Protein chains: 2
Amino acid sequence: MSTELRRQLASLVVVRGSGHGSDGQRRYPRWELSNAELRRLLADGVGGVILLGGSAAELRLRCEQLRHWAGGPLLLCADVEEGVGQRFEGASWLVPPLALGRLHQRHRQEAEALAERYGRCTGRQARLLGLNWVLGPVCDVNNNPANPVINVRAWGETPDTAGALASAFVRGCQAEGVLACAKHFPGHGDTSSDSHLELPLLPHSRVRLEEVELPPFRSAIAAGVASVMTAHLQLPALDPERPATLSAAVLTDLLRDDLGFGGLVVTDALVMEAITAHHGAAEAAVLAFEAGADLILMPADAEAAIEGLLAAVAAGRISRERLEASLQRRHTALAACAPPGGLERTLDDLAQLITPEEQELSRTLLALSLKRHSTSTVPPGPGLNLIRLDSQLNAPQLPAMAPALLRPGAHGYSPTVLDGRSPSPWSGDPAAPLALERLSPGPVLLQLFVRGNPFRGSAGGDESWPAVIQQLLAAQRLAGLAVYGSPYLWEQLQPLLPAELPAAYSPGQMPQAQAVLLEQLGLPAAALEGGFTD
Amino acid sequence: MSTELRRQLASLVVVRGSGHGSDGQRRYPRWELSNAELRRLLADGVGGVILLGGSAAELRLRCEQLRHWAGGPLLLCADVEEGVGQRFEGASWLVPPLALGRLHQRHRQEAEALAERYGRCTGRQARLLGLNWVLGPVCDVNNNPANPVINVRAWGETPDTAGALASAFVRGCQAEGVLACAKHFPGHGDTSSDSHLELPLLPHSRVRLEEVELPPFRSAIAAGVASVMTAHLQLPALDPERPATLSAAVLTDLLRDDLGFGGLVVTDALVMEAITAHHGAAEAAVLAFEAGADLILMPADAEAAIEGLLAAVAAGRISRERLEASLQRRHTALAACAPPGGLERTLDDLAQLITPEEQELSRTLLALSLKRHSTSTVPPGPGLNLIRLDSQLNAPQLPAMAPALLRPGAHGYSPTVLDGRSPSPWSGDPAAPLALERLSPGPVLLQLFVRGNPFRGSAGGDESWPAVIQQLLAAQRLAGLAVYGSPYLWEQLQPLLPAELPAAYSPGQMPQAQAVLLEQLGLPAAALEGGFTD
């Protein structure tokens, strides 16, 4: 009986694994369990795995393997907010949601139809690869451009847009037999710190929450979203003590009772510093469950979390009724999922992974979200192709044959790449920040890959891009500008540009976005380029 | 009949595909055929595919798919000279062969036993993943340290060592039911230009070839090697007109008649500039076949090559007997291969991909090949971890959690990475080449990833590492030195080091090599590090 109870509690725990098959391929072994650990925990009844890393083909095999180890239904999820290809190469990687949020301000119906197709594409490919739970849409309202962690992941900058598009995504995704997840409840858009590192504070009143933060969640719930993920946030107006993830006032009183949500409530990763710094793995799981969560995501120690829950049931902190309710919600959610394909369908499923309609969706989203500053084209080189990105290591947006490298190369522009590990290109002079004498001479094509906080990049160093633009203009060396990612950075830089300067912006950073953008700057496909436009 | 003849000729062509499943994942689409092209060519009878790119799991699925498209036996090969993990992540990635060549000078039997295990490991894992043909061992004698293309890929610097170890590799690999391939006939070791770019010239007499170049091939043939790959080299002593790949004097008179080789002769990639610059795709294929090759690898245009061969048969340039002999050799080779596993065995095969014995082999090879300069350890930082490698983009040796980054980081050393695309770290002063004022202050841990030509890296720029060592010593800033790859660079730098300087060399560049080397320098495993020591 105690064994059965332990299995029941374990089924409410979701652990993290790598999408790659072998232990040596794990990118983050601190968080990603080894195969031996995964196998043991799944045999003991652990109910879900969140996956990161690996290609589409690897993910497909991995999901088969995990289901085999579990010997029964399993929740298999991933943070594929921007299409499955955002995390698993080979699947569709779509422009970030905020691009549609911008479109929605002008073309409401078109944007909503596209958001539904976006959800359908994500759900369908997730299902084909073996996932049954997409950890999206983000329902946070990105009304704070300095937000370092939500930003372009949000579907809108107003409650109306975020709600309309997030719920369209939910409809599309769930129509494919894959659960969606509205996050991060009750709203992470108006924060300027990163809960991966510390516990942000949202100082708003309940009235203000009703106006800004809650409407998108209400929309998603009305659309039938199967799950809601909690935020690691302090909301003193609702709970002066506990962060949202551990707060009964937020999860039970607000989400369950006031918003009437009857689906699965899942914590954000409990291993995140905002929670682990304050509670142990066991107590964090118990507190989250007591507060109203059904599923415990990525506890710092899965065994300890299960033991903690077991002790809490024994001590009467968790009632059998409450446990039954959570088990029933998990059962209901799994029953709504399309059945997995089976190993023998692997090659067929992979062969039809991206449909022509989904290819067309990728292209349409890129075309609609592209911003062009002028009709000018980049003059022929020789010149310098100066690329800024957070990190070149394992950068999916910059394979060796990326258009951002090859197309300027074919036009005479040699690449110099700046990231957090490059020798410093900075002068120390705020008015002329780039040490131009250390870089190749000639015209400069500047390509900025920036997401998250647009004003200070995570690559460190003295990155004042407005001053760099003015410096290059004063030196008559700015040959072109490409911004990939943040609309806020583009909106800050574009007013500085002469009317005829070749410049454009795409919210996407993937090779396909580069191809579309650079085409506009007069840099067509190069001979060796990847098949990035398909 | 003509259709049957066309299929027969097509079966002697080996085309190139990506190990990744979808067209958009191709890294080199100029050379890697699209899925539509592969499918059509295989349906038309093309007889083999050379694969590059993708993980072990992807390769397994890819081989299943290609066999399915072919509808019959297929040669599936890859350049996995240093273990299957050299090209396909997740499998064993072993130290380069030359490390065993060095060991062989001192411990002959031990080195030969290890080379056989090396071949067995490579063959076994190739078979489990669906390959039936390993394009190794390199039988070239690397008697020219400036060789830009063979170098550490060779098994020895003397004919005796290269022959003994290469034939041990052949025995091990073929015992697993996977064909091996001795390359690059008649010997590419004593060249200083790269046949990928131009046609190197080997000015030696037949007598000298008998002394140096040919013995390793004779050894491999005596060991029963199933195939021999030709070199794109000019050998005026043997053939004043044609490069080896197209020379009847080399392939028929020397290899078939004098050396008595009865197995498969395969060209090196015909698409390489050394050949394509001089002949069209069709004529190059016909010339190679006329010269004595059985299999045409990577013609610039497979259709054209097949049509060219068809026309040559019609015109009587290729006799039916000669064609039958090549078909028979291919048939015999395929009959010697272990049967493929089948889709239903995929998860089992992947789960047992690396055996404990193979893990132990990896560790043994690393331990035996490590060179340590002193017993000193790197002092605690803060300091600079200065890493040099050819390219950070898609660098399998430097994942974001690589020991070369994380271990010095945990010790207080911040990384700066130099590659062909970084802002210049050079001063222009040959006596003090590094512009130290542009780099972080404090002690410098220098980590050099150099293979191929050790004296001028392909990363470009002014790389004089002896002068850099002297500069850092003079500034009293050299905290440690790690060289990964070239023994020639290590032998050039080590004499410059003070006796107590923490320094070490590994022929391997993979994360596991970094872990083993840095352990010796007093930098133990960091918390977030990957499972790279397994």
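Here, each number is a calculation from the coordinates, and none is a lab measurement. Remember, predicted model here, so these are calculated numbers, not experimental data. We place every Cβ from the backbone using ideal geometry, glycine too, and count neighbours over all the protein chains shown.
Data overview
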quantity	calculated
The range B:247-318 - Rg and Dmax from Cα coordinates, angstrom	12.0, 34
Euclidean distance of C-alpha centroids, the range B:200-265 and the range B:386-444, integer Å	43
Among beta bridges that DSSP assigns inside chain A, antiparallel share in %, nearest 5	5
Under 19 Å from the A:L473 label point (7 Å along Cα→beta-carbon), backbone N, the range A:430-450	A:430-436, A:443-448
Relative frequency of Cα-Cα separations exceeding 13 Å in the range B:372-438, percent	71
Percent of beta bridges antiparallel (DSSP, the protein assembly as shown, rounded to nearest 5)	5
Near-label residues of the range A:157-187 by backbone N, under 20 Å of a point 7 Å along Cα→Cβ of B:A400	none
Within chain A, longest stretch clear of exposed trypsin sites (Lys or Arg not before Pro) (DSSP loop, no more than 16 other Cβ within 10 Å)	A:107-316
Calculated FRET value between A:A36 and B:D429, using beta carbons and R₀ = 35 Å, to 0.05	0.05
Angle between chain B longest axis and helix B:465-474 axis [Cα atoms, degrees, rounded to 10]	10
Angle in degrees between helix B:281-291 and the longest Cα principal axis of chain B, rounded to the nearest 10	80
Two-site FRET efficiency, A:A222 against A:T375, from Cβ-Cβ distance with R₀ of 45 Å, rounded to 0.05	0.55
Translational diffusion coefficient (Stokes-Einstein; Kirkwood radius from C-alpha pairs) of the range A:44-174 at 25 °C, 0.890 mPa s, in µm²/s	162
Net dipole in debye of chain B [+1 Lys, Arg Cβ; -1 Asp, Glu Cβ; about Cα centre; nearest 20]	560
Rh by Kirkwood over Cα pairs, then Stokes-Einstein D for the range A:469-518 at 0.692 mPa s and 37 °C, µm²/s	287
Translational D in µm²/s for the range A:200-296 (Stokes-Einstein at 25 °C, 0.890 mPa s, Kirkwood Rh from C-alpha pairs)	182
Alpha-carbon spread of the range A:364-494, three principal axes, descending order, Å	42, 32, 28
Using alpha-carbon coordinates, inclination of helix A:302-314 to the longest axis of chain A, degrees	30
In nm, spacing of pseudo-spin labels at B:N144 and B:R345 (7 Å Cα→C-beta vector)	4.4
Hull shadow area, averaged, chain B [alpha-carbon convex hull, nm²]	23.9
Partners for B:K371 among aspartates and glutamates (Cα-Cα distance below 14 Å; same-chain residues under 8 apart left out)	B:E491, B:E519
Sorted by Cβ density within 10 Å, fewest first, the residues B:Y484, A:Y118	B:Y484, A:Y118
Shielding of A:407-415 by partner chains, average beta-carbon count, 10 Å	1
Coarse-grained scattering of the protein assembly as shown at q = 0.07 Å⁻¹, given as base-10 log I(q)/I(0) from a Debye sum over alpha-carbon atoms	-0.67
FRET efficiency for B:A410 and A:E307, using Cβ-Cβ distance with R0 set to 45 Å, rounded to 0.05	0.90
Pairwise centroid distance, computed over Cα atoms, of the range B:37-83 with the range B:268-305, Å	20
Estimated Rh, the range A:152-233: Kirkwood, alpha-carbon pairs, angstrom	13.1
